[in-house]
Structure formats: C-alpha cells, structure tokens
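*Asks:* First the structure, then my questions, so here it is.
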Amino acid sequence: MLPPLELTEAECITFQALAEHHPYPDFRRRALGMLALAKGHDFPWVAEILGVSLATPYNWLRAWNKQGLMGLLNGHQGGVPAKLTKELVDTAEHIAR
C-alpha cells in the first residue's frame, strides 16, 4: 500500500500551475490527479473523474515517491507513435543527400 500524499504549499502551487498551463493534456491531468490525491480523494474516484485506468493514479504516486516532480514529467506519453525510427530517418536523409 502506498503512503498518503502530503504536498507542501510550494508543491501544490506547482501542480496548480501545471494543471492550468502545461501544453500537454496528459501532464495537466497528472497534476490534477496529484492535487486530488493530496486532498484525500481515493484512487478509484481520481481515476473515474479524470478518465484514466485505476492503475494510473497509483503509477503517478509511485513515480512521485520515487523521483518527485521529474517522475511525473518523464516525457510526453500521448500522441501518435512515430512511424519511422531514427535509423530510418537517418537513412532517408543520407539517400536524399
């Protein structure tokens, strides 16, 4: 079982700013989830309200406990996956030259 989330005032302000201003919706959702968990809402409620799987809020809290804010901002996970690998792009660039 994960320990309850306790945020400092500065962390709450940071999450509020992320929730309002981050360019990617998935990061805004993570920030809202963390704020809801800090207010004592349970995992199923947070998952339902934010439209994510039940495991997702657990993963957010686990990432926060392990790496802090950087655990939550660990790359943009949304969007369509790249169709070309870096190697294919490099090869195409080499051929084009």
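*Asks:* Let me check something: with ligands and nucleic acids excluded, how do Asp26, Asp90 order by accessible area (1.4 Å probe), largest to smallest?
*Replies:* Ranked from most to least accessible, the order is Asp90, Asp26.
*Asks:* Counting other C-beta atoms within 10 Å, and keeping those with at most 11, which DSSP coil trypsin sites (Lys or Arg not before Pro) do you find in segment 20-78?
*Replies:* Those satisfying the criteria are Lys39.
*Asks:* So between Trp45 and His22, what do we pick up on full extension, going 0.36 nm a residue minus the alpha carbon distance?
*Replies:* Here the segment from Trp45 to His22 would lengthen by 6.0 nm.
*Asks:* Another question about this same structure. Please work out whether segment 7-62 counts as rounded, prolate or oblate from its C-alpha gyration tensor, where a ≥ b ≥ c are the square roots of the eigenvalues and a/c under 1.5 means rounded, while otherwise a/b larger than b/c means prolate and anything else oblate?
*Replies:* oblate
*Asks:* Find the accessible area per residue for the chain; the probe is 1.4 Å, ligands and nucleic acids are left out, and the unit is Å².
*Replies:* Averaged over the residues of the chain, the accessible area is 72 Å².
*Asks:* At a 1.4 Å probe radius, carbon and sulfur cover how many percent of the accessible area of the chain?
*Replies:* 59 percent
*Asks:* Can I ask one more? Per residue, what volume in Å³ does the Cα convex hull of the chain take up?
*Replies:* Expressed per residue, the convex hull around the Cα atoms of the chain is 135 Å³.
*Asks:* Separate question: What FRET efficiency comes out for the pair Tyr58/Lys86, r = Cβ-Cβ distance, R0 = 41 Å, nearest 0.05?
*Replies:* 0.80
The values are calculated or read from the model by the stated rules, or taken from the named source; none is laboratory data. Being a predicted model, the structure only gives us computed values, none of them experimental. Glycine also receives a Cβ, built like all others from the backbone with ideal geometry; neighbour counts cover every protein chain displayed. The accessibility values were calculated without ligands, DNA or RNA, using every heavy atom of the protein model including side chains. Shrake-Rupley method; radii C 1.70, N 1.55, O 1.52, S 1.80 Å.
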